[in-house]
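Data first, discussion second: the structure below is written as structure tokens.
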Amino acid sequence: GSHGADKRLANGQILGVKPKAVSDELLRAVRAFATEHGAALEEKPHGLALHYRAKPELEEAAIRFAENVSQQHGLSPKRGKCVVELVELGADKGAAVEAFMDQAPFAGATPWFIGDDVTDEDGFRACLALGGGAILVGERDNSCANYALPGVAAVHDWLEFE
């Protein structure tokens with residue numbers, strides 16, 4: 001979860017370092033920006049997301065704000081579809097894939113990553129580097145995924161979900 005900041009094994013044990021919650025100071029700053037600009041704030045256990053889907057004209061200001069506040073608080077901004085998230089430095093989906101691939105039962109297996117967002121690109125790259133595959137759901141320019149499916153229903157069909 002949280003872009004790879006929170007990694008847990010099947011038994012619930014934390015893999016790696018326990019992720020930290022955001023500071024009250026950071027929460028206040030992001031909440032103030034969201035309120036002032038009409039963006040939506042999503043509080044996550046180990047980060048924050050600033051959504052501007054309802055006000056796409058906020059994109060540049062939201063990204064600039066997230067970059068500045070991330071630098072002040074030692075975090076990393078992650079851009080997605082009409083959202084910018086603040087997460088721990090080094091937390092990304094690719095690092096999570098690499099961490100799990102060192103653990104049984106995944107060690108030696110072929111990893112695959114399915115995703116539809118810009119933040120999934122880190123996971124795609126990690127799986128490809130490890131000899132696996134990457135599937136982009138939907139359409140987006142400049143993806144490194146080596147396969148694509150048109151939507152969620154196609155993913156379910158490919159996985160043979162009933």
request  = Calculate how steeply helix 59-73 sits against the longest principal axis of the alpha-carbon atoms of the chain, using the helix alpha-carbon long axis, and give the answer as 0 to 90 degrees to the nearest 10.
outcome  = 90
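Remind me, what semi-axes does region 43-105 give for its equivalent ellipsoid, largest first in whole Å, using sqrt of 5 times each Cα gyration tensor eigenvalue? Write down the numbers at each step before the final one.
On the way: eigenvalues 139, 36, 16 Å².
Ellipsoid half-lengths, sorted descending, are 26, 13, 9 Å.
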key: 23 Å Cα-Cα reach of residue 93 towards lysines, excluding residues that sit fewer than 8 places from it in its own chain   = 7, 18, 20, 44, 78, 81
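If R₀ is 45 angstrom, what is the calculated FRET efficiency for the pair residue 161 and residue 63, using the beta carbon separation as r and rounding to 0.05?
0.80
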task = Averaging over all projection directions, find the projected area of the Cα convex hull of region 62-160 and quote it in nm² with one decimal place.
result = 7.3
note = Taking every DSSP bridge whose two residues both lie in the chain, the antiparallel percent to the nearest 5 is 70
note = So the angle from the long Cα axis of helix 24-37 to the longest Cα principal axis of the chain, reported in degrees to the nearest 10, equals 80
remark   = Rounded to two decimals, the Debye log10 I(q)/I(0) of region 9-72 (Cα scatterers, no solvent) at q = 0.13, 0.14, 0.19, 0.29 Å⁻¹ is -0.43, -0.48, -0.73, -1.35
Peptide ranges 59-68, 136-145 listed from the most packed, as the mean C-beta count within 10 angstrom indicates = 59-68, 136-145
task = Just report the Cα centroid separation between region 61-115 and region 123-140, whole Å.
result = 14
request  = For region 9-140, build the convex hull from the C-alpha positions and give me its volume per residue in Å³.
outcome  = 119
ask   = Given a cut-off of under 8 Å on Cα pairs at least six residues apart, what relative contact order in percent is computed for region 47-99?
value = 39
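Any read-out appearing in this document is the output of simple, stated calculations on the displayed coordinates, not a laboratory observation. What you are looking at is a predicted structure, and each value in this text was computed from that prediction instead of being measured. Glycine also receives a Cβ, built like all others from the backbone with ideal geometry; neighbour counts cover every protein chain displayed.
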